[in-house]
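The values are calculated or read from the model by the stated rules, or taken from the named source; none is laboratory data. Quick caveat, the model's predicted, so the values are computed rather than measured. Here the Cβ positions follow ideal geometry from the backbone for every residue, glycine too, while neighbour counts run over all protein chains shown. Side chains included, ligands, DNA and RNA excluded: accessible areas come from the protein's heavy atoms. Shrake-Rupley method; radii C 1.70, N 1.55, O 1.52, S 1.80 Å.
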Amino acid sequence: MANDYRILLAIDLKTGTDRLQEEAQRYGQALNAIVDIIHVAAPDPYFVGYIKGTPEEQDSVDSRRKPQAKELRLEHQQTQAFATRLRATGTRVGQVLTVQGPTLATVLEETRKLNADLLIIGSHHHGAIHNLWFGDTTADAAKQAPCALLVVPLPS
């Protein structure tokens, strides 16, 4: 097991995850690889840490945390369901993670931690203006990935 080929599949739970599942299944089975799955949720500063203060201040912070916690639980459940569907195809699935943080940095960090041999990500082709404003995660991943990278075109 220590020398198994490892694939890290990064999913965003948007349109096109079925295409990512197909590619992870295809490569996972062809290489008899372990497929680890990661979904990176947007960071929320209200959700992290303990707030020192009055009970009223804590209640205010908790009221902002509850909807975020509910959303994170839902995303975690969707990620687990994705893994279940992939397992049902006979693909070996390892770790299934839902993590908060900056998307690319978190994916690359997990790629290194898991010692992945292949990183599979999707690209939604948003266009030049979107990429100028928000950045192009796929292009940045191609420059920084510590392993082979498979980019799967997805609908916008």
Can you find a residue that is under 20 Å from residue 107 (Cβ atoms), of a type in the set (Val, Ile, Thr), loosely packed, with under 14 Cβ neighbours inside 10 Å and at pLDDT below 90 anywhere in segment 43-53?
yes
(1) of a type in the set (Gly, Ala, Ser); (2) modelled with pLDDT of 80 or more; (3) in a helix (DSSP H, G or I) all hold for residue 69 apart from (2)
Checking the condition modelled with pLDDT of 85 or more and in a helix (DSSP H, G or I), which residue from 97, 119, 108 passes?
108
Across segment 122-156, what is the total count of residues that are out of contact with any helix residue (DSSP H, G or I) (no Cβ under 8 Å at 6 or more places or on another chain), at pLDDT below 60 and part of a loop (DSSP other than H, G, I, E, B)?
2
Can you tell me which residues in segment 12-36 are closer than 19 Å to residue 107 by Cα, at pLDDT 95 or above and not in a helix (DSSP H, G or I)?
33, 34, 35, 36
In segment 76-94, what residues are assigned to a helix (DSSP H, G or I) and either in contact with a Cys (Cβ under 8 Å, 6 or more places away or on another chain) or open to solvent by 30 Å² or more (accessible area, probe 1.4 Å) (or both)?
76, 77, 78, 80, 81, 84, 85, 87, 88
